[in-house]
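Presented below is the structure to which this report refers.
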Amino acid sequence: MPKRILVATYYWPPAGGPGVQRWLKTAQALKQLGHDVEVLTVDQAYATYPLRDESLLAETQGIRVHTTRARDWFGAYQKLTRRKEVPFSGFANQAGAPGPIQRLSRWVRGNFFLPDPRRGWNRYAVDEALRQHARAPFDLVVTSGPPHSTHLIGLELQQHGLRWWADFRDPWTDIYYYRMFYPSAWARRRDAALERKVLQRAERVLCVSDDLKRLLASKIGGDSAKFLVVPNGYDPADFDEQAPVPQNAVRSLVYTGTLTLDYPLEALYSALRTYCGAHGELRLIFAGRPAREAQDALESLARELPLRVEFKGYVPHAESVALLQGADALLLLIPELPNNRGILTGKLFEYLGSGRPIWGFGPVDGDADRILRQAEAGGLYEDAQEAAAALAQCPAQGASLEARHRYTRLGIAQELAAYFDK
């Protein structure tokens, strides 16, 4: 039976990045299946986005969007630190060790703005959700985090009698940059209590990977009955599925997204030295935001090796897709962090959708490597010498159409919709 669904998400076009893609694409897929999906988000005039992609606005057509004002601490942060940019995940756009003002601002964020500064949106969001529910009742509310303060909106709406599911794109207190906020013991306890309350009260908890499901379930006694793994997937309409194999004069390797110092950079550098020393010139293209230190190191490598490195910065989604499909291979890196076996970035599925082979570094017993191997799309490595040899033998094609179609947004939405009445 078709449902009326309200999706509460802070990140929505014109915000850019993979966090936007998940519910932008899923909402459209659920509408294709006959469900009435509306979105609750913050008015862009009151929002702070690390990335913007105006081109994604065209993909919101047909979805009713409710926006509200918000109070947001990041404006004060920018004034305090004299930075124009909002911090990226893991502070990838803030090079070097933080200075005294940055350390102070991070400490304030990690100890006084729990679970995060975007909680200033919640009061407005709850009021608007209740107003729209009174107009035409919703069968289900889905909250998507990060920011995980969004789940507190669902928690309050549940007290008004609405059904509520919580969607976790990333961990909460276990997210890899959590320690960068210098949380006190009190702040850690408070944050963990909020996390536990959300996990206990939500009717269902959606997770992007099996390992994240195990991690979150462990916080409420290991009972995983309410947890559903809903991977990110990709939209076939974004790709030319009949695209020929690229004929590049110089072999190209493309990476999209954020690159912080938590990624296996030393292994990458070592593998590039080995590969270029044995096989000659390689072109490495980055679309996204690498940490300044990583960019400096790669540029230094390019001066000593037959390696061409290009940094394009953040590009619109369509341009990113074109880069993927024009590459000889795609570089995937999984951060070197506790619980990294369950990291399944949105880019993994975009990479699969491109049909290009995928190569990189990460846990060989992790969820990402398992998906790549099952789809015969490539694989991840931990040893630099083994990885260099694998790059040299990389096939011309990645996952087959059949293998990649297991991860389309529509197929994933169908599996999700099957639980609406359960």
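The values are calculated or read from the model by the stated rules, or taken from the named source; none is laboratory data. Because the structure is a prediction, the values reported are computed rather than measured. Positions of Cβ are generated from backbone atoms using ideal geometry, with glycine treated the same way; all protein chains shown enter the neighbour counts.
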So GLU293 ticks every box in (1) of a type in the set (D, E, K, R); (2) surrounded by 17 or more Cβ atoms within 10 Å (Cβ to Cβ); (3) in a helix (DSSP H, G or I) but one. Which box is left unticked?
(2)
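Given the criteria in a helix (DSSP H, G or I), closer than 16 Å to SER149 by Cβ and not hydroxyl-bearing (Ser, Thr, Tyr), does ARG196 qualify? So that I can check it myself, show each step before the final result.
Details: in a helix (DSSP H, G or I): yes; closer than 16 Å to SER149 by Cβ: yes; not hydroxyl-bearing (Ser, Thr, Tyr): yes.
When the stated conditions are applied, ARG196 passes them.
Does ARG303 qualify as being surrounded by fewer than 19 Cβ atoms within 10 Å (Cβ to Cβ) and assigned to a strand (DSSP E or B)?
Details: surrounded by fewer than 19 Cβ atoms within 10 Å (Cβ to Cβ): yes; assigned to a strand (DSSP E or B): no.
So ARG303 fails the test.
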Residue match in segment 184-201 (condition: in contact with an Asp or Glu (Cβ under 8 Å, 6 or more places away or on another chain) and closer than 30 Å to GLY161 by Cα)
no
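Specify which of the listed residues (LEU352, LEU372, LEU332) is in a strand (DSSP E or B) and within 21 Å of LEU212 (Cβ to Cβ).
On the way: LEU352 fails: in a strand (DSSP E or B); LEU372 fails: in a strand (DSSP E or B).
Result: LEU332 is the single residue among LEU352, LEU372, LEU332 that is in a strand (DSSP E or B) and within 21 Å of LEU212 (Cβ to Cβ).
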In segment 103-156, residue nearest to LEU194 (Cα to Cα) [restricted to those that are of a type in the set (Gly, Ala, Ser), modelled with pLDDT of 95 or more and surrounded by 19 or more Cβ atoms within 10 Å (Cβ to Cβ)]:
SER149
Name the one entry in LEU212, LEU216, LEU259 that is closer than 30 Å to ARG406 by Cβ, touching a Pro at 6+ places or on another chain (Cβ under 9 Å) and assigned by TED's automatic domain parsing to the domain that holds VAL321.
LEU259
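Test TYR178 against the criterion of being of a type in the set (Phe, Trp, Tyr), surrounded by fewer than 18 Cβ atoms within 10 Å (Cβ to Cβ) and over 22 Å from the mean Cα position of the chain (by Cα), and give yes or no. Let's see the steps before the verdict.
Values: of a type in the set (Phe, Trp, Tyr): yes; surrounded by fewer than 18 Cβ atoms within 10 Å (Cβ to Cβ): yes; over 22 Å from the mean Cα position of the chain (by Cα): no.
Criteria not met by TYR178.
Residue by residue, here is whether (1) among the small types (Gly, Ala, Ser); (2) touching a Gly at 6+ places or on another chain (Cβ under 6 Å) holds:
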| position | (1), (2) |
| --- | --- |
| ALA243 | yes, no |
| PRO246 | no, yes |
| PRO264 | no, no |
| THR274 | no, no |
| ARG289 | no, no |
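Here are LEU284, LEU261: which of them is in a loop (DSSP other than H, G, I, E, B) and under 26 Å from the mean Cα position of the chain (by Cα)? Outline the logic, then answer.
Values: LEU284 fails: in a loop (DSSP other than H, G, I, E, B).
Residue meeting the stated conditions: LEU261.
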Qualifying residue in segment 220-230 (condition: out of contact with any His (no Cβ under 6 Å at 6 or more places or on another chain), buried (at least 16 other Cβ atoms within 10 Å of the Cβ) and closer than 30 Å to ALA322 by Cα)
yes
Return yes or no: is ARG179 touching a residue at least 24 places away in the same chain (Cβ under 8 Å) and either among the charged types (D, E, K, R) or in a loop (DSSP other than H, G, I, E, B) (or both)?
no
Conditions: (1) of a type in the set (Lys, Arg); (2) touching a residue at least 24 places away in the same chain (Cβ under 8 Å); (3) under 21 Å from THR26 (Cβ atoms). ARG356 meets all but one. Number of the miss?
(3)
Mind checking whether some residue in segment 43-62 is at pLDDT 95 or above, within 14 Å of LEU140 (Cβ to Cβ) and in the same structural domain as PRO117 (by TED's automatic domain parsing)?
no
Which of (1) touching a strand residue (DSSP E or B) at 6+ places or on another chain (Cβ under 8 Å); (2) at pLDDT below 95; (3) assigned to a helix (DSSP H, G or I) is the odd one out, the single condition ALA70 does not satisfy?
(3)
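With the requirement that a residue be over 30 Å from THR408 (Cβ atoms) and either modelled with pLDDT of 90 or more or buried (at least 23 other Cβ atoms within 10 Å of the Cβ) (or both), what does segment 186-213 give you? Talk me through it step by step, then tell me what you get.
Step one: of segment 186-213, the residues over 30 Å from THR408 (Cβ atoms) are 186-197, 200-201.
Hits for segment 186-213 are ARG189, ARG190, ASP191, ALA192, ALA193, LEU194, GLU195, ARG196, LYS197, GLN200, ARG201.
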